[in-house]
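Chemist: The structure follows.
The values are calculated or read from the model by the stated rules, or taken from the named source; none is laboratory data. The structure displayed is predicted, hence computed values, not measured ones. Using ideal geometry, Cβ is built from the backbone for each residue, glycine included, and neighbour counts are taken over all protein chains shown.
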Amino acid sequence: MESTYVNKDEEIDRLINDLKSNGALDYGFHDNINPVYSTGKGLSRQVIEEISEIKKEPDWMRRIRLHAYEIFMSKPVPTWGPDLSGIDWENMTYYSSPDEVKATNWDEVPKEIKDTFEKLGVPEMERKYLAGSIAQYDSEGIYNSLKKEWEDKGVVFMDLDSALKRYPDLVKEYFAKAVPPSDNKFAALNVAVWSGGAFLYVPRGVHVDMPLQTYFRINGEATGQFEHTIVVADEGSSVHYLEGCTAPIYSKDSLHAAIVEYYVMKNAHGRYTSVQNWSNSVYNMPTKRAWVEENGNMEWVGGSLGSKVTMIYPSSYLRGRNATTSNLNIALAGPGTVKDTGAKAIHMAPNTSSKIIAKSVSLGDGKSIYRGLVRINKDAVNAKSHVQCDALLINDESVSYTMPHDEIYEPTANFTHEATVGKIGTEELTYLRSRGLSEDEASSLIVLGFLDDVMKEIPMEFAVEMNRLVKLEMSKMGAVG
Amino acid sequence: MILEIKNLSASVEDKPILKNVNLRIGGGEIHALMGPNGAGKSTLGNVLIGHPDYKITGGQIILDGKDITYATPEERARAGLFLAFQSPVAVEGVRISTFLRIAYSHLHPDEKIVIADFNKRIKEAMKTVGLDESFISRSVNDGFSGGERKRFEILQMLILKPKMIVLDEIDSGLDVDALRMVAEQLKKYFSKDVGYLIITHYQRILKDIEPHFVHVLVNGTIAMDGDRTLSDKIEENGYDWLKEVA
């Protein structure tokens with residue numbers, strides 16, 4: 001135990017220094033890339049037909065898109081959460097493709113785009129840690145690789161557009177099943193205009209012991225990114241899928257409305273980790289859901305760092321006996337931003353169990369809200385659920401709310417809930433400073449310490465990212481208090 | 001290294017606690033600051049390290065000729081001042097190895113730290129102060145008993161190598177064996193470059209580590225200065241007679 005911690009600290013320091021020397025301290029830069037194809041501003045039936053046409057996709061997909069568009073138009077913008085009136089639906093670009101190339105080698109990627117991903121450290125990460133990776137730039141996946149070892153074992157990992165061409169039946173079986181377009185307005189929008197995202201299929205009994213990653217980059221101003229990701233962990237398999245996201249800073253807001261559908265079959269183990277660091281001109285409104293069958297286990301690990309407004313509640317539907325899920329989430333609400341995050345666990349079968357741990361940090365006037373749902377259906381005998389929400393407030397004007405929602409219909413269910421709210425204490429700060437640490441260092445150590453039990457679960461390269469961001473945010477804040 | 005406290009006055013929440021305190025501690029000197037409860041002993045410790053809740057209302061603190069009266073805690077630490085806290089706080093999730101490494105890099109900026117070697121030093125020091133090696137991967141004071149916290153303060157002194165050391169009731173909450181260990185380590189660390197200010201209510205620790213000078217603080221003022229015979233006198237007669245002198 002001890003040596004791994006010490007090494008992790010060491011590695012984190014080293015990687016942070018690497019990042020600094022690469023000049024990757026800020027993601028706010030953008031490229032002057034003219035899209036080769038764009039549907040222009042605004043959304044209509046015609047735009048949807050156009051997207052479907054460009055993609056030369058099967059007719060059933062075109063019909064699902066149009067159906068979802070009707071649902072999108074009929075649903076109002078939700079008003080029960082953060083203010084979404086800033087989303088400029090009319091002036092948004094819903095589809096924007098940088099290039100027609102789909103590369104399998106970084107050298108084939110157009111130079112300017114490649115440089116961007118180099119700056120973000122994506123190819124390096126791939127070499128060091130990953131079994132495969134996809135890079136998506138605005139609407140399209142532009143790069144895709146999967147180590148031969150896994151390809152040989154039957155693992156499929158490619159952007160969803162390519163998968164739809166090569167494995168149409170497999171895609172059809174899972175597309176918009178766990179998250180139907182009727183779920184919410186943003187899910188409907190995604191199904192209508194989706195482009196890119198990953199398709200990952202792990203055959204029975206295959207254990208992919210290195211993570212697979214997709215990195216999403218929005219480059220265009222007022223551009224929507226609507227990737228749709230499907231992960232299928234077939235019976236007895238295990239897989240870890242990661243996502244990272246960044247965007248430049250623009251005066252006009254962009255919209256990210258993704259869907260992630262994760263299917264964890266009998267005796268399978270699925271893990272999903274995402275660290276989003278969108279710039280503060282992005283509305284981040286994804287819908288992420290897992291179906292977990294008998295004896296399956298699903299783990300959600302999330303870090304919500306950037307964006308203007310984020311609303312995300314990864315859900316696990318525990319459909320089979322003994323299915324389990326855990327959800328670890330960190331939300332960092334910087335000045336001027338809102339993090340409305342949480343988790344859902346739906347217990348639909350006996351002996352299912354869920355654990356939700358949510359930690360939030362609010363800085364400046366940042367607002368973090370925990371919003372969660374635990375439902376234990378009648379007949380989900382002996383289901384167990386534990387929810388823990390901890391909030392840390394950095395400044396006097398920082399805000400945190402906890403809004404758990406519990407629906408327990410089964411008398412044998414065991415349900416517990418804990419919540420704490422704390423502030424960075426003068427005593428702790430003074431103690432660390434009295435040993436020579438600067439105020440910034442002391443406060444970021446305290447914040448990282450508060451997040452520690454979740455950070456441990458995050459892969460190294462993302463922990464580094466999280467560390468760096470917390471330190472950056474803390475130093476931007478200047479004096480704490 | 002010389003620590004000079006000149007006419008120092010300080011208040012907590014607008015309540016004056018220290019009034020015109022004068023002390024001068026040089027390298028190679030051991031000073032004891034004694035006094036009854038509520039005399040302002042711990043306030044002095046907190047004021048010396050620059051705790052933001054304690055306001056200096058007059059006078060100066062000078063460390064090696066440099067005025068640090070209004071310096072931040074980290075500036076004081078980097079100048080060589082160390083306070084062993086009376087009640088060290090727990091800092092959840094901040095691992096000892098990380099914390100000490102960052103602290104050391106500030107206090108000794110010219111030294112290159114090899115992490116493996118540095119951690120080995122921490123583990124050795126843990127053995128010295130009677131903490132299990134496994135503490136290196138624990139969080140700062142988190143879940144420590146009172147005695148373990150005191151041992152950890154001494155460990156930090158041994159690792160960080162400060163020159164001017166203020167020990168605020170290091171003897172409280174320690175059993176006889178632990179107290180003997182602390183005194184032994186203090187004696188071992190002591191040199192002509194190191195100065196100690198031992199703040200204590202009892203003279204017990206002063207039997208194991210003999211002070212060159214004893215000062216008695218009563219009602220926020222130094223009521224009497226003397227040598228170690230003064231602490232003997234206090235043991236016999238208590239503090240009441242000094243209140244009359246003051």
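Chemist: Given (1) at the interface with another protein chain (Cβ under 8 Å from one of its Cβ atoms); (2) in a helix (DSSP H, G or I), where does B:LEU48 come up short, assuming only one miss?
Modeler: (1)
Chemist: Kindly indicate whether any position in the range A:73-90 is of a type in the set (Gly, Ala, Ser), more than 19 Å from A:ASP161 (Cα to Cα) and part of a helix (DSSP H, G or I).
Modeler: Yes, there is a match, as at least one residue in the range A:73-90 is of a type in the set (Gly, Ala, Ser), more than 19 Å from A:ASP161 (Cα to Cα) and part of a helix (DSSP H, G or I).
Chemist: Conditions first: (1) in a strand (DSSP E or B); (2) over 14 Å from the mean Cα position of the chain (by Cα); (3) in contact (Cβ under 8 Å) with a residue 60 or more places away in the chain. A:SER316 passes all but one, so which condition is the exception?
Modeler: Failed condition: (3).
Chemist: Tell me, yes or no, whether the range B:76-86 has at least one residue that is touching a residue at least 40 places away in the same chain (Cβ under 8 Å), crowded, with 17+ Cβ neighbours inside 10 Å and part of a helix (DSSP H, G or I).
Modeler: Scanning the range B:76-86 turns up at least one residue that is touching a residue at least 40 places away in the same chain (Cβ under 8 Å), crowded, with 17+ Cβ neighbours inside 10 Å and part of a helix (DSSP H, G or I).
Chemist: Then there's this: Looking only at the range A:146-170, count how many residues are of a type outside the set (S, T, N, Q), part of a helix (DSSP H, G or I) and within 22 Å of the chain's Cα centre (by Cα).
Modeler: 3
Chemist: So, A:ILE64, is that one in contact (Cβ under 8 Å) with a residue 12 or more places away in the chain, surrounded by 14 or more Cβ atoms within 10 Å (Cβ to Cβ) and within 14 Å of A:LEU189 (Cα to Cα) or not?
Modeler: yes
Chemist: From the residues in the range B:98-121 that are polar (S, T, N, Q) and either surrounded by 21 or more Cβ atoms within 10 Å (Cβ to Cβ) or more than 9 Å from chain A (Cβ to nearest Cβ) (or both), which one is farthest from A:ILE424 (Cα to Cα)?
Modeler: B:ASN119
Chemist: Please indicate, with yes or no, whether at least one residue in the range B:141-154 is at pLDDT below 95, closer than 26 Å to B:ILE5 by Cβ and in contact with a strand residue (DSSP E or B) (Cβ under 6 Å, 6 or more places away or on another chain).
Modeler: no
Chemist: Between a first residue in the range A:412-430 that is within 18 Å of A:SER362 (Cα to Cα) and more than 14 Å from chain B (Cβ to nearest Cβ) and a second residue that is among the hydrophobic types (A, V, I, L, M, F, W, C) and assigned to a strand (DSSP E or B), which pairs have beta carbons less than 6 Å apart while being 6 or more apart in sequence or on different chains?
Modeler: A:ALA419/A:CYS389; A:VAL421/A:ALA391
Yes/no matrix, rows are residues, columns are (1) part of a helix (DSSP H, G or I); (2) acidic (Asp, Glu); (3) over 26 Å from A:VAL447 (Cα atoms); (4) modelled with pLDDT under 95:
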{"residue": "B:ALA90", "(1), (2), (3), (4)": "no, no, no, no"}
{"residue": "B:GLY93", "(1), (2), (3), (4)": "no, no, no, yes"}
{"residue": "B:LEU100", "(1), (2), (3), (4)": "yes, no, no, no"}
{"residue": "B:ALA103", "(1), (2), (3), (4)": "yes, no, no, no"}
{"residue": "B:HIS106", "(1), (2), (3), (4)": "yes, no, no, no"}
{"residue": "B:PRO109", "(1), (2), (3), (4)": "no, no, no, no"}
{"residue": "B:PHE118", "(1), (2), (3), (4)": "yes, no, no, no"}
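Chemist: B:ALA90 is checked against (1) of a type outside the set (Ser, Thr, Tyr); (2) under 17 Å from A:LEU432 (Cβ atoms); (3) more than 9 Å from every other protein chain (Cβ to nearest Cβ) and fails just one. What number does that condition carry?
Modeler: (3)
Chemist: Only one of A:ASP396, A:ASP406 is over 23 Å from A:TRP80 (Cα atoms) and among the charged types (D, E, K, R); which?
Modeler: A:ASP396
Residue-by-condition table, conditions (1) out of contact with any Asp or Glu (no Cβ under 7 Å at 6 or more places or on another chain); (2) closer than 29 Å to A:ILE218 by Cα; (3) buried (at least 23 other Cβ atoms within 10 Å of the Cβ):
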| position | (1), (2), (3) |
| --- | --- |
| A:VAL275 | no, yes, yes |
| A:ASN295 | yes, no, no |
| A:GLU299 | yes, yes, no |
| A:GLY302 | yes, yes, yes |
| A:ALA323 | no, no, yes |
| A:SER353 | yes, no, no |
| A:ILE356 | yes, no, yes |
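Chemist: Also: Kindly establish whether A:LEU437 is out of contact with any strand residue (DSSP E or B) (no Cβ under 9 Å at 6 or more places or on another chain), modelled with pLDDT of 95 or more, within 30 Å of B:ALA79 (Cα to Cα) and within 14 Å of another protein chain (Cβ to nearest Cβ).
Modeler: Spelling it out, A:LEU437 is indeed out of contact with any strand residue (DSSP E or B) (no Cβ under 9 Å at 6 or more places or on another chain), modelled with pLDDT of 95 or more, within 30 Å of B:ALA79 (Cα to Cα) and within 14 Å of another protein chain (Cβ to nearest Cβ).
Chemist: Condition first: among the aliphatic types (A, V, I, L, M) and either touching a Gly at 6+ places or on another chain (Cβ under 8 Å) or more than 12 Å from chain A (Cβ to nearest Cβ) (or both). Now tell me which residues in the range B:65-87 satisfy that.
Modeler: B:ILE68, B:ALA71, B:ALA77, B:LEU83
Chemist: Then there is this: Hey, which of the strands (runs of 3 or more DSSP E) in the range A:176-243, taking only ones fully inside, have at least 1 residues that are within 16 Å of A:GLY154 (Cβ to Cβ) and not hydrophobic (A, V, I, L, M, F, W, C)?
Modeler: The strands (runs of 3 or more DSSP E) meeting that bar are A:198-202.
Chemist: Using beta carbons and a limit of 9 Å, which pairs, at least six apart or on different chains, have the first residue in the range A:209-236 and closer than 22 Å to A:ASN297 by Cα and the second one among the basic types (Lys, Arg) and surrounded by 24 or more Cβ atoms within 10 Å (Cβ to Cβ)?
Modeler: The qualifying pairs are A:THR229/A:LYS288.
Chemist: Which members of the range B:188-201 meet the condition of being at pLDDT 95 or above and more than 18 Å from B:LYS127 (Cβ to Cβ)?
Modeler: Scanning the range B:188-201 gives B:PHE190, B:SER191, B:LYS192, B:ASP193, B:VAL194, B:GLY195, B:TYR196, B:LEU197, B:ILE198, B:ILE199.
Chemist: Within the range B:34-45, how many residues turn out to be in a loop (DSSP other than H, G, I, E, B) and buried (at least 22 other Cβ atoms within 10 Å of the Cβ)?
Modeler: 3
Chemist: Collect the residues in the range B:122-146 that are away from chain A (no Cβ under 11 Å), assigned to a helix (DSSP H, G or I) and either crowded, with 18+ Cβ neighbours inside 10 Å or touching a helix residue (DSSP H, G or I) at 6+ places or on another chain (Cβ under 6 Å) (or both), keeping them in residue-number order.
Modeler: B:ALA125, B:MET126, B:VAL129, listed by residue number.
Chemist: What about A:ARG271, is it under 20 Å from A:ALA343 (Cα atoms), surrounded by fewer than 23 Cβ atoms within 10 Å (Cβ to Cβ) and not aliphatic (A, V, I, L, M)?
Modeler: Spelling it out, A:ARG271 is indeed under 20 Å from A:ALA343 (Cα atoms), surrounded by fewer than 23 Cβ atoms within 10 Å (Cβ to Cβ) and not aliphatic (A, V, I, L, M).
Here is a yes/no grid of residues against (1) in contact (Cβ under 8 Å) with a residue 24 or more places away in the chain; (2) more than 20 Å from B:SER172 (Cβ to Cβ); (3) over 15 Å from the mean Cα position of the chain (by Cα):
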{"site": "B:PRO16", "(1), (2), (3)": "yes, yes, yes"}
{"site": "B:ILE30", "(1), (2), (3)": "yes, no, no"}
{"site": "B:GLY35", "(1), (2), (3)": "yes, no, yes"}
{"site": "B:THR43", "(1), (2), (3)": "yes, no, no"}
{"site": "B:GLY50", "(1), (2), (3)": "yes, yes, no"}
{"site": "B:ILE56", "(1), (2), (3)": "yes, yes, yes"}
{"site": "B:GLN60", "(1), (2), (3)": "yes, yes, yes"}
{"site": "B:ILE68", "(1), (2), (3)": "no, yes, yes"}
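Chemist: Going through the range A:104-144 one residue at a time, which ones are in a strand (DSSP E or B) and at pLDDT below 80?
Modeler: Answer for the range A:104-144, where residues must be in a strand (DSSP E or B) and at pLDDT below 80: just A:ILE142.
Chemist: So B:ILE62 passes all but one of these: (1) more than 10 Å from chain A (Cβ to nearest Cβ); (2) crowded, with 20+ Cβ neighbours inside 10 Å; (3) not in a loop (DSSP other than H, G, I, E, B). Which condition number does it fail?
Modeler: Only one criterion is unmet by B:ILE62, namely (2).
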